Structures are given as structure tokens and as C-alpha cells.
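Reading through the C-alpha cells given below for one structure.
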Amino acid sequence: AALLLALLLGAGLAPRVRAATLEGQVTLWEQGDSGQRDLDDRSNAVVFITGFTESPHKRRMLELAQKNKSFSARVLAITAGESVGFPNRDPWFHNVWSKSKVRSFDLGLYKDPESKTVDFPQPGIDTVFCNIHPQMIATILVLPNNKYAVTPASGAYRVTDIAPGTYPVFAWAEGSVPVRRMVEFKEGQTVKLDFRVQLKRIPVDHLNKEGKPYKKDKKEQYNMNG
């Protein structure tokens, strides 16, 4: 065994570096008339690491479906280079669009069972709407690598397989300015880090893709079976 190890090391095969882990808790709060209020539901915050790029996950089907006049997720985190499918699973039309600088698109009118796909080559924040139903709002967070986690209602998160080094770590929630920390990750170490992030919901009374208020008669014009 010792001879085999010596031969492997002599061939340039060094022992594997043990990756680090990041875990902790995100607390979300809102600003109200009476001051700050912590939220019981801490879902859809994203903790992510920057400072390096990484290829997207392979063979991963990403979707932001349209169902019951809602998107299937309020927040979708992906890696730059991935694509997202937008299937319509409603019996009426939707028109998914975004004017975000990171990836502007307009998918036009279509209904079940049609689906359209958008690629996201650059990191950034992409806010997505429907031009018929103003309550349909979602955010796609396009990240430079795979080292991120989206929180459940508990706010707990865990990011694994982090290469040793010192990197910026961010916590983000809808409408917020990301909270930033510089963190050193040592080989095999588990770093515990909690965040407190303000949530600012995008208002339902936003403008449509033409920059105008939504028309009340859009429902009757485009909907079928309700």
C-alpha cells in the first residue's frame, strides 16, 4: 500500500483537497408604518458566493411555469449560461416579458401546452412579468457559479463543495440591496454565518411592457375559460 501511494504521488497525483461548507440562517424583515417587522416566512432569500466562475449544472431542466395566473416560483436562482423554460399550463393566454438589463425579452402571447425558452448568459437580476396579469411577478437571479442556496420558509441554508480561499458572500431577497461579507474558507471547515435582509416586494401596480398601466379589460380580451 505504501509503495502504491508513493507511485501515485510520484506520478503527480496529490491528495484531494477537502472542500468547505457554509451554513446558517437568513432573517427577513419588512419596513412597516410602525417600524421593522421580522417575517415568519423566510423563503426565497438567496445566499451566494462570488469571486470565481463555474460552469452550469449539466442536464438540469429549469422552468418558470405559468399556472393559475401565477409563476411556479417567486425567485429562481440559476448559473450564468443556463436556460429557463416558460411553459404555459393555463387554458388562457400569457405574455411573459422582462425589461431587465441583464436579459430583456418578450415571449408574446401563447397558452397551454406551448412553452418558450430563454437563455441567460450573463450574471445579474432579471425581473419577469406577464403583460396580461399584473400579479404575476418573479425574479431570476443569474449567478457566476453553482455555489448558492435558496432558503425555505425556515430561513436555513447550506452551501457545500466550496474550494478553500477567501471570497465575498452575499445574502439577497426580492427588492433588497445584497448584504455582503468577506469570508475565509479553510480546507474541510464548516463556516456558520447568519444574515438579516430587508424584503421589498415588487408592487402589483407596476407598469406593463409598454410602460403604461394595465388595462382592466385585458382579462376579457385574452382569457379563455375564466
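The values are calculated or read from the model by the stated rules, or taken from the named source; none is laboratory data. Owing to the predicted nature of the structure, the values given are computational and were not obtained by experimental measurement. Cβ: placed from backbone, ideal geometry, glycine included. Neighbour counts: every protein chain shown. In case anyone asks, the SASA skips ligands and DNA or RNA and just uses the protein heavy atoms, side chains included. Shrake-Rupley method; radii C 1.70, N 1.55, O 1.52, S 1.80 Å.
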Within region 11-64, how many residues turn out to be touching a residue at least 60 places away in the same chain (Cβ under 8 Å), open to solvent by less than 70 Å² (accessible area, probe 1.4 Å), part of a strand (DSSP E or B) and over 20 Å from GLU82 (Cβ atoms)? 11
In region 68-94, which residues are closer than 23 Å to SER43 by Cα and out of contact with any Leu (no Cβ under 9 Å at 6 or more places or on another chain)? ASN68, LYS69, SER70, ARG74
In region 65-85, residues that are farther than 17 Å from ASN146 by Cα, outside any loop (DSSP other than H, G, I, E, B) and in contact with a Ser or Thr (Cβ under 6 Å, 6 or more places away or on another chain) total 1
Could you please find all residues in region 65-90 being closer than 14 Å to HIS133 by Cα, in contact (Cβ under 8 Å) with a residue 24 or more places away in the chain and open to solvent by 30 Å² or more (accessible area, probe 1.4 Å)? LYS69, SER70
Can you find even one residue in region 198-207 that is over 30 Å from ASN88 (Cβ atoms), part of a strand (DSSP E or B) and at pLDDT 95 or above? yes
Taking region 169-188 and keeping residues open to solvent by less than 60 Å² (accessible area, probe 1.4 Å) and within 18 Å of LYS200 (Cα to Cα) leaves PHE170, ALA171, TRP172, ALA173, GLU174, GLY175, SER176, PRO178, VAL179
Sort through SER98, SER70, SER43 and tell me the only one that's within 19 Å of GLU174 (Cα to Cα) and touching a His at 6+ places or on another chain (Cβ under 9 Å). SER70
Which number in (1) crowded, with 17+ Cβ neighbours inside 10 Å; (2) of a type in the set (S, T, N, Q); (3) in contact with a Ser or Thr (Cβ under 7 Å, 6 or more places away or on another chain); (4) in contact (Cβ under 8 Å) with a residue 60 or more places away in the chain marks the one condition that ASN95 misses? (3)
